[in-house]
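Q: Below you will find the structure I want to go over with you.
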Amino acid sequence: MPRRRPGRIRAGIPDRHHSQHTRLAINHLSARTLSEIVRLERTRNYLQPGDIGTALRLWKDYVNRPERELWHDDEFGNVHWYCCGNPLDSRAILDGVMQAMSQRGARELRTIIEELDAFMGPHVPAANRRR
């Protein structure tokens, strides 16, 4: 019986580290900062691959919502947060990640988050405002 070549066997095995779902795509971040984020996601027990990108996307989507919806969420909450993720928790995760990063990487990520916070204006939750 002929033997299959090892390269052919390896070609059929999916690559765990570079799958479609765990690729990090955050605009305006350098490759150095992206690799630092990937390293944090792999080494911290409270993060999974892709969590920081998802947290940033949730916060961006929340900030870009109409003002009336933001007030409604503030008053009554949002039932969709249970299945799709809470943007306020995501913002807290982003704060923790910025503290765990190097100064250079945190500065790049902070620039993006501060732009989103400025877009939101006075509606940033009190727990997430910078003092």
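Laboratory data are not the source of any read-out in this text; all were calculated from the coordinates shown. Computed from a prediction, not measured in an experiment: that's the story for all the values here.
Q: Express in nm, to one decimal, how much length is gained between residue 27 and residue 64 on full extension, taking 0.36 nm for each residue of separation and deducting their alpha carbon distance.
A: 11.7 nm
Q: Between residue 107 and residue 54, what length comes free when the chain is fully extended (0.36 nm per residue of separation minus the Cα-Cα distance, one decimal in nm)?
A: 17.2 nm
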